[in-house]
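The values are calculated or read from the model by the stated rules, or taken from the named source; none is laboratory data. This structure is a prediction, so every number in the text was calculated from the model and none was measured. Cβ sites come from the backbone with ideal geometry, for glycine too, and all protein chains shown count toward neighbours. All accessible areas refer to the heavy atoms of the entire protein, side chains included, with ligands and DNA or RNA removed. Shrake-Rupley method; radii C 1.70, N 1.55, O 1.52, S 1.80 Å.
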Amino acid sequence: MRIIVRLLFVLLPLGAFSQDIHFSQFYMSPLNLNPALTGVMNCKMRFVANYRNQWAPVLKSKAYNTFNMSFDQKIPVGRYDYFGFGGTFWGDKAGSLDFSTIQFKLSGSYSKRMAGTRTSAHYLVFGADASLNSRSVKFHNAIWGNQITSNGPDVTLPGDPSTFDPGFLFADLTVGLLWFSVLDKANNYYFGMSYSHINEPLQNNILDVPGNNFTPAPLFPKLTVHGRGVFAINKK
């Protein structure tokens, strides 16, 4: 057991990074998973709503809250191909400092039929999205060292006089690729990948504030590989 534990510590990565919102059922938020999934559905229009509330029993009103809404639609092109377009709006707020991000993005895709018969089809899909993001944090909600007393925190005492509440906008770009196959009415599968934050937007775009020497922190590119299949066990 000791050898196994030591090996795990050696093999574990030296750093771990988390940068994007996520839902446990990530496949139920398709436009956030891969822009190539825009318009890929067995209907003409789709509306999706997601909500996540995390650490509520501990943080109470300061819990982590994430909501997401999206709409997408597909339009036939010729006899077999499709254009897909959609829009997504999501917001995320975390902790007592109200660290918040709001995003609005537009996505589009093109589905090209590669092969198929009357009851089956195989498609290659190209997709991309562009978003505008707003990020803010309220440092005035923090408890500073001079507000700590022998009786606990006293928020009536003045905090750090240099505190400010930064907020800024940034643009973001994502591209995606998808292959999906409809084998028949009951069986289908897909697999794809997306490449997010290709423009590496800055996450602390407040370098021009006097007296604040921040190290630039870009939102690094992220590669997502995913797949899913639906296969009927029998006719029922």
Of all residues in region 41-51, how many are open to solvent by less than 90 Å² (accessible area, probe 1.4 Å) and either modelled with pLDDT under 95 or more than 20 Å from Tyr189 (Cα to Cα) (or both)? 5
Determine whether Gly159 is of a type in the set (Gly, Ala, Ser), under 30 Å from Arg113 (Cα atoms) and either in contact with a Phe, Trp or Tyr (Cβ under 9 Å, 6 or more places away or on another chain) or surrounded by 13 or more Cβ atoms within 10 Å (Cβ to Cβ) (or both). no
Within region 124-152, how many residues are in contact (Cβ under 8 Å) with a residue 60 or more places away in the chain and open to solvent by less than 40 Å² (accessible area, probe 1.4 Å)? 5
Inspect all residues belonging to region 119-141 and state whether any of them is in a loop (DSSP other than H, G, I, E, B), closer than 30 Å to Val230 by Cα and of a type outside the set (Asp, Glu). yes
If we ask which residues in region 172-188 are open to solvent by 50 Å² or more (accessible area, probe 1.4 Å) and at pLDDT 95 or above, their number turns out to be 4
Looking only at region 164-179, decide whether some residue is within 30 Å of the chain's Cα centre (by Cα), part of a loop (DSSP other than H, G, I, E, B) and either under 20 Å from Leu223 (Cα atoms) or not acidic (Asp, Glu) (or both). yes
Given the criteria under 20 Å from the mean Cα position of the chain (by Cα) and open to solvent by 40 Å² or more (accessible area, probe 1.4 Å), does Lys105 qualify? no
Scan of region 109-123 for residues that are surrounded by 14 or more Cβ atoms within 10 Å (Cβ to Cβ), more than 26 Å from the chain's Cα centre (by Cα) and hydroxyl-bearing (Ser, Thr, Tyr), ordered by number: Ser120
Which of the residues belonging to region 205-236 are modelled with pLDDT under 65 and among the aliphatic types (A, V, I, L, M)? Ile206, Leu207, Val209
